Amino acid sequence: MKLKHYLSKYGPRLAVVVLIVALIVGLATAALEGRAGFLRNSGETLTSPLQKATTAVLDWLESLYGYIYQYDRIVEENNSLKAENARLREQSRSFSELEAENARYRELLGFREKHTDFDLASAKIVSWDASNYTSAFTISKGSDEGLELGDCVITEYGALVGQIIELGTDWSTVRTVIDVDMDVGALVGVYSYAGMVTGEFTLMKRGQTRLAYLSSGAQIFEGDEVLTSGKGGSFPAGLLIGVISAVMTEAGGQATYGIIEPAVDVGQLSQVFIIRDFTISE
């Protein structure tokens, strides 16, 4: 780049100097051509190296100007290729997002066929809560779309994501299932023992939550599925919350609780579905 800048600034002057030198050499050669003997031979001896040097310099300048032209053309082509590459990447990203969204809707269609009583709305996640003490995000729908406080939020597979806790006209805040303030009535295991899913700060940081307050005589095991009980009316019964990844005992040894691995990695979500209305099971 420095060489290019130097030639752009001083190239014309250098060319003029070379041409003047070549002209002087040419005139000297022409004057000497009329003389014979020692002077002519001496003149040819002196002018021949100069002519060769002049030719070499002119060839050098020509090659440098050719390099500058080629360099500019290559830079222009490179910039054009970069722009085209960026456009193709954007098209590919948009196509991938559209394909993923279509796949979610296909799964949702199957879920809707099983739950015809659910009134569902879709929404995109637009931002996450920046606090380290909560697990929540904002979605792109609000009261204008018929959403209400307390509405249940799920994935296209029917896995529980969370619950709306703040509502705007065109936005809502969703508290996730692992949040420290989340409480969900639950059923666990093949015998559907009752319990309560309650958030815990340490577990939230690990992407997990806790199943506690189990009914008397309840026995839980690793791998047991945890489903919503429907108790309280905020959540429909039968939504998958997660599976028991560990069975623990309280410090006093009197109570057992389970660590739940949620059915959905909330940090990987981009789109969710809100149950605006459903039939409450008797």
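The values are calculated or read from the model by the stated rules, or taken from the named source; none is laboratory data. Quantities reported herein were computed from a predicted structural model and do not represent experimental measurements. Cβ: placed from backbone, ideal geometry, glycine included. Neighbour counts: every protein chain shown.
The figures follow:
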quantity	calculated
Of all residues making up the range 218-242, the number that are in a loop (DSSP other than H, G, I, E, B), under 11 Å from VAL188 (Cβ atoms) and charged (D, E, K, R)	1
Boolean, THR134 is at pLDDT 60 or above, of a type outside the set (Gly, Ala, Ser), touching a strand residue (DSSP E or B) at 6+ places or on another chain (Cβ under 9 Å) and farther than 23 Å from TYR157 by Cα	yes
Top-ranked residue of the range 156-180 - restricted to ones that are modelled with pLDDT under 95 and of a type outside the set (Gly, Ala, Ser), ranked as farthest from GLU225 (Cα to Cα)	GLU156
Leading residue by the ranking (surrounded by the most Cβ atoms within 10 Å (Cβ to Cβ)) among those in the range 126-135 that are within 20 Å of ILE259 (Cα to Cα) and not aromatic (Phe, Trp, Tyr)	SER135
Among the residues listed as SER215, SER245, the single one being in a loop (DSSP other than H, G, I, E, B) and surrounded by fewer than 20 Cβ atoms within 10 Å (Cβ to Cβ)	SER215
Verdict on ASP181 being surrounded by fewer than 16 Cβ atoms within 10 Å (Cβ to Cβ) and either under 30 Å from ASP144 (Cβ atoms) or within 36 Å of the chain's Cα centre (by Cα) (or both)	yes
The range 218-234, residues that are touching a Phe, Trp or Tyr at 6+ places or on another chain (Cβ under 9 Å) and either over 17 Å from TYR257 (Cβ atoms) or surrounded by fewer than 15 Cβ atoms within 10 Å (Cβ to Cβ) (or both)	GLN219, THR228
Residue match in the range 257-277 (condition: under 18 Å from VAL180 (Cβ atoms), without any contact (Cβ under 8 Å) to a residue 24 or more places away in the chain and not acidic (Asp, Glu))	no
Subset tally (residues that are farther than 16 Å from PRO262 by Cβ, touching a helix residue (DSSP H, G or I) at 6+ places or on another chain (Cβ under 9 Å) and in a strand (DSSP E or B)) for the range 155-197	2
Members of the range 200-212 found to be in contact (Cβ under 8 Å) with a residue 24 or more places away in the chain and part of a loop (DSSP other than H, G, I, E, B), listed by number	GLY207, GLN208
Test for ILE220: is it in contact with a Ser or Thr (Cβ under 8 Å, 6 or more places away or on another chain), without any contact (Cβ under 8 Å) to a residue 40 or more places away in the chain and β-branched (Val, Ile, Thr)	yes
Single match in VAL190, VAL226, VAL247, VAL243 (criterion: in contact (Cβ under 8 Å) with a residue 40 or more places away in the chain, assigned by TED's automatic domain parsing to the domain that holds SER135 and either under 27 Å from TYR133 (Cβ atoms) or among the aliphatic types (A, V, I, L, M) (or both))	VAL226
Members of the range 258-273 found to be modelled with pLDDT under 95, in contact with a Leu (Cβ under 9 Å, 6 or more places away or on another chain) and in a strand (DSSP E or B), listed by number	PHE273
Counted residues, the range 145-177 - those being among the small types (Gly, Ala, Ser) and surrounded by fewer than 20 Cβ atoms within 10 Å (Cβ to Cβ)	4
